[in-house]
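A short write-up of the structure that comes next.
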Amino acid sequence: MKWLWAPLGAYFALPLVATAVMSLWQGRQGYGFHAYAELIHTPEMWNSLLLSARLAFETIVAGLAILVPAVFWMNLRVPRLRPVFDFVSVLPLVVPAISLVAGITAIYTGPDWFVGTANFLVVPYVLLALPYTYRALDVGMRALDLRTLTEAAQSLGASWPTMILRVLVPNLITALLGAALLTMTIVIGEFTFASILLFNTFAVYINHIGSTSATRAAALSLLAFLITWLAMLGVALGGRRAAR
Amino acid sequence: MSSLEAVSLHKVYGGRTVLADVSLSLGEGEFVSLLGPSGCGKTTLLRLVAGFERPDGGRVLLDGRDITGVPAAKRNLGMVFQAYSLFPNMTAEENVGFGLRVRGEATEARRKRAREMLELVGLGEHMHKYPHQLSGGQQQRVALGRALAIRPALLLLDEPLSALDARVRVQLRDEIRRIQREIGVAALFVTHDQEEALSISDRVAVMERGRIAQLGEPAAIYEEPTSLFVARFVGQMAEFDAEIDAGCVRIAGHTLPAARAAGHAPGERVHFFLRPEHVRLVAPTDGLPGVVESRTFNGPTTTFRITLAGAGTVLATVPTTEARHTPGETVGITWDPAAPRILKLDGPAPAQDA
Ligand SMILES: Nc1ncnc2c1ncn2[C@@H]1O[C@H](COP(=O)(O)OP(=O)(O)OP(=O)(O)O)[C@@H](O)[C@H]1O
Ligand SMILES: [Mg+2]
């Protein structure tokens, strides 16, 4: 089986290496960090990255604020609705992104700070992250004896908010972290919605750069990959720490 | 003054009556056990008192105050659960201090109280451990400390020992009783283990299908069952169909002594109950004859299973030092006339204790 590692390794490593080489190419001046230097000095790059980061943060907060109580309530009070939750949670994976966009723009109404700005993207992003956030939270909560824990907290005098903040959340920290990091990678990499709704997010910017400068596009892709990879590492480490 | 008073509680789940007209009151500092087979409604009754469920009828009073509509979080009752219920993210000390923290008590006072409670349950040096670093018995001790830290008006325990092994169970149950006495808090303790209930309670409520079949001191429950259900459920008793015969009973053609036959009309058909420890083994001609079927060594006592001609089997428990019979041997059995219990064929016997 050892010989399998070589082609497998090549399969994963070659595109990365090729992208890295490409990003370092400087035409007649040979190789160097010119593309990276240029990127760093491009305000649009920073703007798009900041926008994506902000959207990721907002999506995480909105998604968790909706799903933590919902999954908690489902597990505690109506576990027989689990199949319904399971089904709904995978819909965003089944419905093509393009029809989601069409559907969402149809309900494009609301206050200006919301529909008039990129904040609106939080709505489809929460939907896109739903399958992952839901899974992470459900697995985390099923590992706890929710009923006994909540009743113990209640009998000790804790209100529902106290219970959620002091008992539920601390015991779900791994699940929450996992959900947050997965959401972040999804939002940073999302292209379809942002592009169609004409917002300049990080992924849209990568695409735009790709049509103007191949080397900078390669450098940016590599950066995006790095961010994703760090997020994954975060999930893995968080999981290990909590499993101690 | 009674600390808890449950007044004709009713509970219905999906059309099924789970509790029917249950009334119970606990005196101050009293330890009462709810004993009964699985599914008889013990946990349901406890949960109504705790406030996790609402009754479909009846009221719950605490120190004379109606708390039927008060949410669980505002009742100030200490609860120990069957399942391990410690908060996994907190140390033993933090778990015990949780109730005080929720009440906004100052950090120092909280710590001090938590330490006191952990000392009380014998876990002083495990204060900084997390639940997963404690054994099952230790976790239940912490849970007890946590329930007591809030100075509850009443302590509720739902089979807190059932997940523990036999040795720890006995040790911990005695300790629960000692601590409960020391603090002087009234306690309602659910169990399906009769030895547990009889050994640590001031009073025992035997429950049968959503009703309290008998409520009384452990000795009264054991010695004076007032219904067939209690007679059959608590301890082991030989049971015979018998007929009253002028101050005696007739079983399978023999006229036998039973002081309690006096309360029944001659010719009445009754149930006759006899505990193994009341049976004496004598020569075949001096008692009701039977054949020794088997012999079981229990340590201090030995139990014989004896088949009586035409009447069924009876168990006889005697001190091992006096156990001389062997299987196959024919013996006679006899008993103190005051020992047998007699119950009517249908319906409960007249109440014998309050
Ligand atoms: N939430 C519920 N919904 C429907 N039925 C219930 C519910 N809780 C309890 N029951 C039913 O009520 C009856 C009494 O249950 P309860 O838990 O009080 O029994 P128990 O005496 O504590 O038994 P065990 O010794 O097994 O714990 C059972 O038949 C049970 O199936
Ligand atoms: Mg129960």
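The values are calculated or read from the model by the stated rules, or taken from the named source; none is laboratory data. Not measured: the values here are computed from a predicted model. Note: areas computed on protein heavy atoms with side chains; ligands, DNA, RNA excluded. Shrake-Rupley method; radii C 1.70, N 1.55, O 1.52, S 1.80 Å.
What do you get for the angle between helix B:166-183 and the principal long axis of chain B? Use alpha-carbon atoms, 0 to 90 degrees, nearest ten. Tilt relative to chain B: about 60 degrees. Here's how it looks for B:Glu293: its modeled amide H is under 5 Å from those of B:Arg305, B:Ile306, B:Thr307, B:Gly328, which are all 5 or more places away or on a different chain. Quick check: Cα centre of region B:45-71 to Cα centre of region A:201-242, how many Å? Answer, in whole Å: 58.
For chain A, the relative contact order comes to 31 percent (Cα pairs under 8 Å, sequence separation of at least 6).
Cross-link partners for B:Lys74 among the lysines, with Cα-Cα distance under 22 Å and sequence neighbours closer than 8 places in the same chain left out: B:Lys11. Axis of helix A:173-189 versus longest Cα principal axis of chain A: the two differ by about 40°, to the nearest ten degrees.
For the protein assembly as shown, the spread of Cα positions along the three principal axes, ordered from largest to smallest, is 123, 64, 49 Å.
For chain B, what does the alpha-carbon gyration tensor say about shape, rounded, prolate or oblate, given a ≥ b ≥ c as the root eigenvalues, a/c under 1.5 as rounded, and a/b over b/c as prolate? The shape class here is prolate.
Partner aspartates and glutamates whose Cα lies under 12 Å from the Cα of B:Lys129, excluding those fewer than 8 positions away in the same chain, are identified as B:Glu93, B:Glu94.
Apolar share of the accessible surface for the protein assembly as shown: 60 percent from carbon plus sulfur atoms, 1.4 Å probe. Cross-link partners for B:Lys344 among the lysines, with Cα-Cα distance under 28 Å and sequence neighbours closer than 8 places in the same chain left out: B:Lys42.
Close amide H contacts of B:Glu208 (hydrogens built in the peptide plane, cut-off under 5 Å, sequence separation of 5 or more or a different chain): B:Ala213.
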